[in-house]
Amino acid sequence: MIKTKMSVSVLLALLAFFSSTIAANEGTIAFIGATIIDGTDAPPLENGVLVITDGRIQTVGPRSDVTLPQDAEVVDVSEKYIMPGLINAHGHVGATIGLNGNGGYTRNNLLRQLSLYARYGVTAVNSLGGDFGPGFRLRNEQLNNDLSRARIYVAGSVVVGDSEQAIRNEVNRNADAGANFIKVRIDDNLGSTQKMSRPFFEALVDQAHKRRLPVAVHLYYLDDAKFMLRANADIIAHSVRDLPVDSEFIDMMTTSDTCYIPTLTREVSTYVYESVPDFFEDPYFLKEVEPAILDELSSPERMSQVAGSRSAQIYKAQLPTAMDNVRSLHGAGVRVAMGTDTGPPARFQGYFEHMEMHMMVDAGMSAHDAIRASTGVAADCIGMGDIGTLEPGKWGDFSILTENPTVDIRNSQTIERVFIAGNLVPDE
């Protein structure tokens with residue numbers, strides 16, 4: 001017989017009570033009655049059923065068509081909304097503690113950040129650079145059904161070198177460690193540093209592809225974006241910000257089917273603390289931030305420093321170009337994936353991912369497309385086929401919301417609970 005139907009509140013109470021003894025999602029849980037946004041281009045499914053067995057999705061479909069397993073625990077989520085866990089295609093999980101960027105690259109600090117991401121419904125993070133042994137080990141541990149923190153994928157070091165051979169050697173070191181990506185910068189930081197030479201970049205791409213690894217590129221200029229496409233690099237990890245994208249670039253992007261990660265909130269983070277940001281009054285932000293951090297970022301000295309920063313003001317002035325480029329590329333059919341570059345100090349993990357989706361809509365994407373960019377499309381762009389959409393065989397990573405984010409993307413902040421591999425993410 002099917003087990004007695006439970007409300008969400010009853011199930012959560014039981015899970016909390018037994019959390020010390022239940023190590024994993026062992027068995028079957030059926031969530032029934034919600035509107036399911038599955039991360040594909042399909043319209044939301046009203047009165048749906050999502051069945052999770054041993055951490056993976058067994059079936060998803062209309063309530064009228066799904067036969068529940070006899071041993072299923074049934075959870076009534078009527079009038080709620082279910083969407084896949086958000087995937088940050090460009091984030092960082094590193095040494096930051098508070099506003100200290102060198103607080104310690106330790107297992108406990110990484111777990112703290114991955115748990116923070118998860119509480120905001122971000123269930124996977126592609127950490128593009130500054131990754132070391134503890135991050136690789138956490139990545140290796142997440143193929144189990146006892147997971148209740150965000151998944152992490154790693155790139156190792158951001159590759160640099162003073163010769164082609166040094167570049168190839170660094171690529172090999174990251175590949176030997178088991179990196180998911182190779183990360184490289186071809187940017188001069190608004191003229192303040194030297195770019196990697198183009199022959200060195202070509203050697204890097206060649207070596208990465210010999211090791212069967214994709215190359216994610218930090219860039220700024222349209223000319224460099226065209227160059228990296230000609231060199232067959234794989235993913236653009238930031239916006240083109242200096243110029244509007246042109247037809248040549250759009251054709252190159254569509255022909256190569258290259259993914260584009262705008263990281264709009266990265267630009268916001270460079271200048272927003274020149275005054276007290278509006279989000280400092282947002283309860284959804286305040287629930288996870290330490291008051292001392294707010295005090296420091298709101299200090300007159302800090303605000304004056306940001307207001308007087310040449311680079312911050314340039315990034316601020318060119319954010320509209322970045323947003324217009326999102327509109328143009330998405331409209332042309334380019335795959336746009338959500339990414340934020342969160343992780344460094346004052347780029348707030350979890351909250352900025354929601355802000356990024358909101359900005360993508362402000363840039364011209366529909367709410368449904370912004371959700372897809374943050375779930376199924378993001379998973380495809382980083383090559384992770386077992387997450388991102390709510391389809392049979394994939395991990396049961398999802399959030400339950402009280403309001404519909406496809407009607408208003410700002411409803412993404414109405415997350416009530418988050419599940420990873422079918423396990424409830426703890427409140428803290």
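Quick one: would you say Ser309 is over 23 Å from the mean Cα position of the chain (by Cα), open to solvent by 40 Å² or more (accessible area, probe 1.4 Å) and more than 22 Å from Ser127 (Cβ to Cβ)? In short, no.
Okay, residues lined up against (1) under 23 Å from Asn126 (Cα atoms); (2) surrounded by 17 or more Cβ atoms within 10 Å (Cβ to Cβ); (3) in contact (Cβ under 8 Å) with a residue 24 or more places away in the chain:
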| position | (1), (2), (3) |
| --- | --- |
| Arg149 | yes, yes, yes |
| Val154 | yes, yes, yes |
| Asn172 | yes, no, yes |
| Ala179 | yes, yes, yes |
| Thr193 | no, no, no |
| Phe201 | yes, yes, yes |
| Val205 | yes, yes, yes |
| Pro214 | yes, yes, yes |
| Ala225 | yes, yes, yes |
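Of all residues in the range 342-357, those that are more than 14 Å from Val289 (Cβ to Cβ) and open to solvent by 30 Å² or more (accessible area, probe 1.4 Å) total 1.
In the range 105-122, the residues that are on the phi < 0 side of the Ramachandran plot form Cβ pairs under 6 Å with partners that are among the basic types (Lys, Arg), at six or more places apart or across chains, as follows: Leu114/Arg149; Ser115/Arg149; Ala118/Arg149. The set of residues in the range 234-273 that are crowded, with 18+ Cβ neighbours inside 10 Å and of a type in the set (S, T, N, Q) comprises Ser239, Thr258, Thr263, Thr265, Ser269, Thr270. Go through the range 92-126 residue by residue and tally those that are under 30 Å from Val51 (Cα atoms) and of a type outside the set (Lys, Arg). Summing the residues that are under 30 Å from Val51 (Cα atoms) and of a type outside the set (Lys, Arg) in the range 92-126 gives 14. With a requirement of 2 or more residues that are of a type in the set (Lys, Arg) and either closer than 29 Å to Gly388 by Cα or in contact with a helix residue (DSSP H, G or I) (Cβ under 7 Å, 6 or more places away or on another chain) (or both), the helices (runs of 4 or more DSSP H) lying completely within the range 263-353 that satisfy it span 310-331.
Residue pairs, Cβ under 6 Å, 6 or more apart or interchain, first in the range 279-306 and of a type in the set (Val, Ile, Thr), second part of a helix (DSSP H, G or I). List them. From the range 279-306, the pairs are Val306/Tyr273; Val306/Glu274; Val306/Ala312.
The values are calculated or read from the model by the stated rules, or taken from the named source; none is laboratory data. Everything quoted here is computed from the prediction, not taken from an experiment. Note that each Cβ is placed from the backbone with ideal geometry, even for glycine, and that neighbours are counted across all protein chains shown. Surface areas here come from the heavy atoms of the whole protein model, side chains and all, with no ligands, DNA or RNA. Shrake-Rupley method; radii C 1.70, N 1.55, O 1.52, S 1.80 Å.
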